[in-house]
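What follows is a short report on a single structure.
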Amino acid sequence: MSVYLEKLAEFSALLRREGLAVGIRETADACEILSVLDLSDRETVRLALQAVYAKSREEQAAFQRCFDGFFVSAEQRDAIRRKQEAEAREMAQRRQEAEQEMQVNGRPMDLREDLQEVYVRMGEDKRDQLRRMLEKMQGNLQRSPKLYSNFIRSVFMRFLLEQQMAMEDDAAIGSEAVDPDLALLYRDISQFKEADIPRAAALIAAISRQLDAELSRRRQSRGHSGKLDFRRTIRKGLETGGSFYRLSYRRKRQKKRRLVLLCDVSGSMLQFSEFVLRFIKSMSDISESSQTFLFSEEVREVDPFALQNMDAFRDYVRSSGLFGRGTDLGAALEDLTSRRPAPLGPSTTLLILSDTKTIDLPRAAQALLEARRQAGRVLWLNPIPQRKWPYMASIRTMSSLCQMAPCSTLDELARSCRKMMK
Amino acid sequence: MDIASLQAKLDEAKYLCGAEVATTLLVALRLGRPLLIEGPAGVGKTEIAKVMASALDRELVRLQCYEGLDESKALYEWNYQKQLLSIQVQMNRREADDLTRSLFSSEYLLERPLLRAIRSEKPVVLLIDEIDKSDEEFEAFLLELLSEMQVTIPESGVIRASSIPFVILTSNRARPLGEALRRRCAYLYLQYPDIERETAIIRAKAPNVNEHLAVQVAQAIHDLRQSERILKKPSIAETLDWVSALEALGVSDLTPDAARQTMGFVLKSSEDLEAAGDVLYGQGCEHEHTHEPGHEHCGACGHHPA
């Protein structure tokens, strides 16, 4: 029994590492249920443990991955161990080679440890590219060692950073959940294929309905936060013989929210803008009083309800002359803040959808400060995955000036919309 | 009770399900944990509670959740009119303290489903249906009941369960439920049955229907559910309604005409009805275009293998 307990405790720890909220109670439950089940039936054990440990559809997907990896037969375990040992040997050899290769003038290059690891793990073709570059530079390096050793280091760094980002993307794609809808929810929107669009649209509609339901519930929540309503209280008192048994309170008047949406539609941003507009359109609470602007190098105000489907949206963007041009956020924000009547005001939330890639970053930052001064709140939705933010200077600058939320997946987009409504 | 005998009891009650459902039900039952069932509308979540009540030979106590549901509707309410009347009648006959105390005795307590479930001498099956429709406050209020099997009534103190009910909560995921509630429950996600199981359900619930028609209907329903164009997916109950309608009309083969005439039993909006034409038997018959050799047509498309 103690062996089982130990195994279960290890399994619980593994699930915890995978993000499942597993406590002592779950482990105790698992232990109790296993004591009455036929342990030789793997499928029954899996289903029983799943009922105990996984408390949502998302957690079920994570549970299945962990279960398959943890509860393996002795032969499978040996095979996995042999494979891991072989991989470890190969990695050790590659590390040794990498140490030799990442040298300038016989001294190791000053690179971050994680980037050195990227060099070890990346494909042979990519390493060849760097080796060839090093060979080409040998002559220059001998002529001016200091100048060219710095240059080579910066080339290495840039190349390795790109590789690191690509590897993270691959890992995200590989970890798709077993449920196709779930997978779509957590997949990078930029990775959507044409065939995924109808399913994504249906998913957006479902999430929007959910958000709408949450919002209406929030609006209707009762509480004793308002002032006493004398008229109602006296009237109610008549039902109970004149005693004021139940007190009535005035409801707090809801502040009308206004939303100004500034959507980047240049090049790769088009798909994100479509999805965000869909969300905004389907959220009846805010869409009534919202204004939408599309921008690339210039700004156009549009009626999102006129662009009911994705084809209409794309056609409009292409015919408007906004598509295929560069991004000038500074100009767009300046245009927005100087318009009369002013679209921005103290009760307005300005929602910017952009990847922060813009010409003239200092001007854009200045214009953002002015927009922040005029609007009650500025929220930036960024379609670039959050793990890549530290590598991009423009994101670092803009996120220091306003609240920035990721929206690279539909799940993140829904979370950001929830945050926006609070 | 083991999994096989539970499955046999569910079969007996004509609830056909897979090993996952039976195992999860048994786990929740054994551990005395509430069971949270999620899934799309119409997959048979509520039915599980009814069937479990019959399988365990227990009474079913049902609490239907809705927006604005509070403890006065779910747990208890003081019989206010009776209390007022009692005050008027006994005002001059009893001591004030004594009278006040008596006003909050069980005589004036109106039991609502939750209180009824835990005060019952015999264990019951408690169905808290569509918990996602209730407010977050009510969800928080349920925590004490679900984890401690007790409730607190401010005027009379803590009431512990006389018997432990088997609690089933259902949710259509109209809003995400709180972590605290989830943690207190075993979890089951129900999906629509596959064609084989749906055929078996049709045959179990409507034994007079011929097998050919049952397969055709199950296939057509499967296609409708798979189609992105159908917004409100047909439920199992609607499948059975459709079969009954076809049976009443004496239909033994699901021709496009028969399907068109009775489609209102399956789809309940004009947009879906319009799209169904394309999905099942219109020019855009999905089978026609996606057929693999040897794959059977749904029947509704009007094309039958030779």
message: Based on the alpha-carbon set only, what is the convex hull volume of the range B:79-211 divided per residue, in Å³?
response: 182
- prompt: Could the peptides A:316-324, B:108-116, B:220-228 be put in order, highest first, of the mean number of other beta-carbon atoms found within 10 Å of their residues?
  reply: B:220-228, B:108-116, A:316-324
message: Using all alpha carbons of chain B, what is the percent of pairwise distances in each 10 Å bin, ordered from the shortest bin to the longest?
response: 6, 23, 24, 20, 14, 8, 4, 1, 0, 0
Interchain or long-range residues, amide H under 5 Å from B:TYR76's placed H: B:ARG112
- prompt: Which peptide among B:150-160, A:145-155 comes first, and what is the full order, when sorted by highest mean count of other Cβ atoms within 10 Å?
  reply: A:145-155, B:150-160
- prompt: Out of every Cα-Cα pair in the range A:320-403, what percent are more than 18 Å apart?
  reply: 42
query: To the nearest 0.05, how large is the calculated FRET efficiency for B:SER162 and A:ARG235 if R₀ is 30 Å and r is the Cβ-Cβ distance?
result: 0.15
field: Net lengthening on full extension, B:SER147/B:GLU211 (0.36 nm per residue, minus Cα-Cα)
entry: 18.4 nm
message: What is the distance in Å between the Cα centroid of the range A:326-347 and that of the range A:55-93?
response: 53
- request: Estimate the FRET efficiency between A:ARG415 and B:SER102 by the formula 1/(1 + (r/R0)^6), using the beta-carbon distance for r and 60 Å for R0, to the nearest 0.05.
  value: 0.65
- request: Using the 2.2 N^0.38 Å rule of thumb for compact globular proteins, work out how the range B:195-290 stacks up: its C-alpha Rg over that value, please.
  value: 0.98
- prompt: Amide H neighbours of B:LEU169 under 5 Å, counting only residues 5+ apart in sequence or on other chains, H built in-plane at 1.01 Å?
  reply: B:LEU35, B:LEU36, B:ILE37, B:ILE128
- prompt: Under a point-charge model restricted to the Cβ atoms of Lys and Arg (+1) and Asp and Glu (-1), what is the dipole moment magnitude of the range B:1-156 relative to its Cα centre, in debye to the nearest 20?
  reply: 620
- prompt: Dividing the Cα convex hull volume of the range A:96-144 by residue count, how many Å³ per residue is that?
  reply: 73
- line: Kirkwood-based Rg/Rh on the Cα set of the range A:26-166 evaluates to 1.26
task: Can you tell me the 0 to 90 degree angle between the C-alpha axis of helix B:195-205 and the longest principal axis of chain B, rounded to 10?
output: 60
statement: Final fewest-first order of B:LYS73, B:LYS45 on the 10 Å Cβ neighbour count is B:LYS73, B:LYS45
message: Taking only Cα atoms of the protein assembly as shown, what ratio of Rg to Rh do you get with Rh as the Kirkwood inverse-distance radius?
response: 1.03
Rounded tilt (10° steps) of B:3-12 against the dominant C-alpha axis of chain B: 80
query: In vacuo Debye scattering of the range A:2-71, one point per C-alpha: log10 I(q)/I(0) at q = 0.25 Å⁻¹?
result: -1.24
message: I need to check one value: relative contact order of chain B, counting alpha carbon pairs closer than 8 Å and at least 6 residues apart, in percent.
response: 20
- request: From zero up to wherever the largest Cα-Cα distance of the range B:37-115 sits, split into 10 Å bins and tell me the percent of pairs in each.
  value: 15, 29, 25, 16, 11, 4
- prompt: What's the center-to-center distance, using Cα atoms, between the range B:58-133 and the range B:185-223 in Å?
  reply: 42
task: Mind grabbing the base-10 log of I(q)/I(0) for the range A:101-174 at q = 0.14, 0.24 Å⁻¹? Debye formula, identical points on the C-alpha positions, no solvent, two decimal places.
output: -0.45, -1.13
field: Length released on extending from A:ARG318 to A:GLN84, taking residue separation times 0.36 nm less the Cα-Cα span
entry: 79.1 nm
A:LEU381 long-range amide H proximity, modeled H, under 5 Å: A:ILE352, A:LEU353, A:SER354, A:ALA405
field: chain B: angle of helix B:19-31 to the longest principal axis, Cα-based, in degrees nearest 10
entry: 10
For the range A:117-142 versus the range A:359-390, the gap between their alpha-carbon centres in whole angstrom: 37
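Every number here is computed from the coordinates shown, using simple stated rules; none is lab data. Keep in mind that this is a model prediction, so the values were computed, not measured. Glycine gets a Cβ as well: all are built from the backbone with ideal geometry, and neighbour counts include every protein chain shown.
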